[in-house]
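Working notes for the structure below.
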Amino acid sequence: MESRINPMGNEIGAAWAKHIISSNKIIAGSTLPKAVQELVKIRASQINGCGGCLDMHTKDAAAAGESALRINLVGAWRETTVYTDAERAALELTDQGTRLADSSGVTDEAWANAAKHFDEDQLMALVGLICLINAFNRLNVITRTPGGEYQPGQYA
């Protein structure tokens, strides 16, 4: 697969990316658990079919010590026992927040369940992260940014 355009090699793309990447630093520095952050990034990227983001976030999760089992089972998280209740709540919010066009949005039940496990700042970080990874997914899918070449920490 060949990329349609290199967003980082374009003046507007690079300027836009600078700002969106800086918003990720706010979320990364929040108290939202790092494991939850990576699971959310992986799950949204699976739903959106983003090879570039899946490449990055599965490798980053592994480099951070996440088990291969948990990384490999994210796509079937409902049918597994390897995630905590808090992680499951975050994954449900991710699924619903990513598939907005497939339903009537995020249910009150999914929100209430997430609110049982995360404080207000963590919830806001989770919502911001879901928005952010969906934006990155769309950038990479539209431009056909391929996965496979990413090295953990490459953009740190």
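The values are calculated or read from the model by the stated rules, or taken from the named source; none is laboratory data. Bear in mind that the values here come from a model prediction, so they are computed numbers and not experimental data. Quick reminder, even Gly has a Cβ in these numbers, built from the backbone with ideal geometry, and neighbours come from all protein chains shown. The accessibility values were calculated without ligands, DNA or RNA, using every heavy atom of the protein model including side chains. Shrake-Rupley method; radii C 1.70, N 1.55, O 1.52, S 1.80 Å.
Tally Lys/Arg at +1 and Asp/Glu at -1 over every other residue whose Cβ is under 12 Å from the Cβ of G49; what's the total?
Working: positive: R138, R144; negative: none.
My count for the surroundings of G49 gives +2.
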Assuming a strict under-15 Å limit between Cα atoms, what lysine pair count do you get for the chain once near-sequence pairs (fewer than 8 apart, same chain) are dropped?
4
Give me the one-decimal Kirkwood hydrodynamic radius in Å for region 46-86, with the sum taken over alpha-carbon pairs.
11.0
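Using unit Cβ charges (K, R positive; D, E negative) and no other charged atoms, how large, in debye to the nearest 20, is the dipole of region 24-89 about its Cα centre? Write down the numbers at each step before the final one.
Numbers: 8 positive and 7 negative charges, 23 e Å.
So the magnitude is around 120 debye.
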If I take every Cα pair under 8 Å that is 6 or more residues apart in the chain, average their sequence separation and divide by the length, what percent do I get for the relative contact order?
40
Please express the Cα-Cα pair-distance distribution P(r) of the chain as a list of whole percents, one per 5 Å bin, running from 0 to the bin with the greatest distance.
1, 9, 18, 23, 22, 15, 8, 3, 1, 0
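Kyte-Doolittle cut-off 0.0, length cut-off 24 Å along the helix's own axis using Cα: show which whole DSSP H helices in the chain pass. Don't skip to the answer; put the middle values down first.
Numbers: long enough: 11-28 (26 Å, 0.49); 120-143 (35 Å, 1.05).
Helix filter hits for the chain: 11-28, 120-143.
Leaving out ligands, DNA and RNA, and with a 1.4 Å probe, what % of the accessible surface on region 28-70 is carbon or sulfur? Write down the numbers at each step before the final one.
Details: 1040 of 1620 Å².
In region 28-70, the share of accessible area belonging to carbon and sulfur is 64 percent.
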Would you rank C131, C53 by solvent-accessible area, highest first, keeping every protein chain in place and using a 1.4 Å probe?
C131, C53
Got a sec? What order do T98, T31 fall in by accessible area at 1.4 Å, biggest, i.e. largest, first?
T31, T98
Which of the cysteines found in the chain have nothing to pair with, since no other Cys Cβ lies under 4.7 Å from theirs?
C131
Within the set of other residues whose C-beta is less than 14 Å from the C-beta of K34, count the net charge using Lys and Arg as +1 and Asp and Glu as -1.
-1
Tally Lys and Arg at +1 and Asp and Glu at -1 over the other residues with C-beta under 15 Å from the C-beta of L139: what net charge comes out?
+4
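Can you give the charge dipole size of the chain about its Cα centre, rounded to the nearest 20 debye, using +1 on the beta carbon of Lys and Arg and -1 on the beta carbon of Asp and Glu? Can you show the working numbers first?
Numbers: 14 positive and 18 negative charges, 78 e Å.
For the chain, the charge dipole is close to 380 debye.
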Can you tell me how region 1-67 classifies by the Cα gyration tensor, rounded, prolate or oblate, using a/c under 1.5 as the rounded cut?
oblate
